[in-house]
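Have a look at the structure below before the remarks.
The values are calculated or read from the model by the stated rules, or taken from the named source; none is laboratory data. Source: prediction; values computed, not measured. As a convention, Cβ positions derive from the backbone with ideal geometry for all residues, glycine included, and neighbour counts pool all protein chains shown. Just the protein is used for accessible areas: all its heavy atoms, side chains included, with ligands, DNA and RNA removed. Shrake-Rupley method; radii C 1.70, N 1.55, O 1.52, S 1.80 Å.
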Amino acid sequence: MARPRKPLLSRERIVSTALALIDSEGLSALSTRRLAAELGVSGPSLYNHFTTKDEILDAVADTVIAQVDVSAFAAAGGDWRTGLLGWARSYRAALAAHPHIVPFLAQGPGRRPAGLKMADAAFGGMVEAGWPPAQATRICAMVRYFVAGSALGSFARGFVDDPGAYDPADYPHLGQAHLLVEHQRQVDEGAFETGLLALVDGLALQHPERVPPGSGQQL
């Protein structure tokens, strides 16, 4: 009787297995030996597709970033607010689905194609909407900081759900803090939306179209 064939090893299978391992156990769990074991192959087999562990991590990170939708910039026809909001929301959704990879992603796009395409679309969309390049760069960096911080962990889950942990004698304003975990999604997503809208409203006050000609204001 013929032995069942193992699934062919491919870059896609390596990346998806690595991402699943990181999602379940964190970045520190990923090693070439552990990944090979999860795939049911010998360690050297991985090197037919990736030279180093960092190359695998780059591919995993780019797979996550490839899920970010940047089409809002083009669809908005120069409306930077719509483009920025659409990008930031999609960006957070992609990262929040894989929070353990966020510390690696926070290092920047490096040479990763999807990361560079995202940066190009966001920066280009802001410049085409009238933002000076230097300011557009700072805005894109700010969004990355904000999104990464939001996706990295849950504010609500930082509080225990034991009412006894919040003695009113010591914490007179935390009488409802034990309910935060129960409402994690509303709290965390609401906090992100509140911050994002505040950022966009603040940027609207700085947009070049609002600066009087000859005012000399530097953006």
Within the set of pairs 6+ apart or on separate chains, which have a first residue in the stretch 49-68 that is open to solvent by 60 Å² or more (accessible area, probe 1.4 Å) and at pLDDT below 95, a second that is assigned to a helix (DSSP H, G or I) and hydroxyl-bearing (Ser, Thr, Tyr), and C-beta atoms under 6 Å apart? 53/32
Name the single residue, out of those in the stretch 85-107 being farther than 18 Å from residue 56 by Cβ and not hydrophobic (A, V, I, L, M, F, W, C), that is most open to solvent (accessible area, probe 1.4 Å). 89
With respect to the numbered conditions (1) crowded, with 19+ Cβ neighbours inside 10 Å; (2) assigned to a loop (DSSP other than H, G, I, E, B); (3) small (Gly, Ala, Ser), which one is the sole condition not fulfilled by residue 110? (1)
Scanning for something over 17 Å from the mean Cα position of the chain (by Cα) and among the basic types (Lys, Arg), does the stretch 85-103 turn up at least one residue? no
Those residues that are under 15 Å from residue 125 (Cα atoms), without any contact (Cβ under 8 Å) to a residue 24 or more places away in the chain and either part of a helix (DSSP H, G or I) or among the aromatic types (Phe, Trp, Tyr) (or both), I need them from the stretch 75-94; list them, please. 75, 82, 86
If you check 165, 151, which single one turns out to be out of contact with any Cys (no Cβ under 8 Å at 6 or more places or on another chain) and more than 25 Å from residue 73 (Cα to Cα)? 165
What are the pairs with Cβ atoms under 9 angstrom where one residue, in the stretch 8-30, is within 15 Å of residue 101 (Cβ to Cβ) and among the small types (Gly, Ala, Ser) and the other, located anywhere, is modelled with pLDDT of 95 or more and outside any helix (DSSP H, G or I)? Sequence gap at least six, or different chains. 18/30
Taking the criterion of being loosely packed, with under 13 Cβ neighbours inside 10 Å and of a type outside the set (Gly, Ala, Ser), would at least one residue in the stretch 24-32 satisfy it? yes
Of 44, 4, which residue is modelled with pLDDT under 95 and assigned to a helix (DSSP H, G or I)? 44
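Residues checked against (1) of a type in the set (Asp, Glu); (2) loosely packed, with under 12 Cβ neighbours inside 10 Å; (3) part of a loop (DSSP other than H, G, I, E, B):
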{"site": "117", "(1), (2), (3)": "no, no, no"}
{"site": "134", "(1), (2), (3)": "no, yes, no"}
{"site": "137", "(1), (2), (3)": "no, no, no"}
{"site": "172", "(1), (2), (3)": "no, yes, yes"}
Taking the stated definitions as given, is residue 130 open to solvent by less than 60 Å² (accessible area, probe 1.4 Å) and not aromatic (Phe, Trp, Tyr)? yes
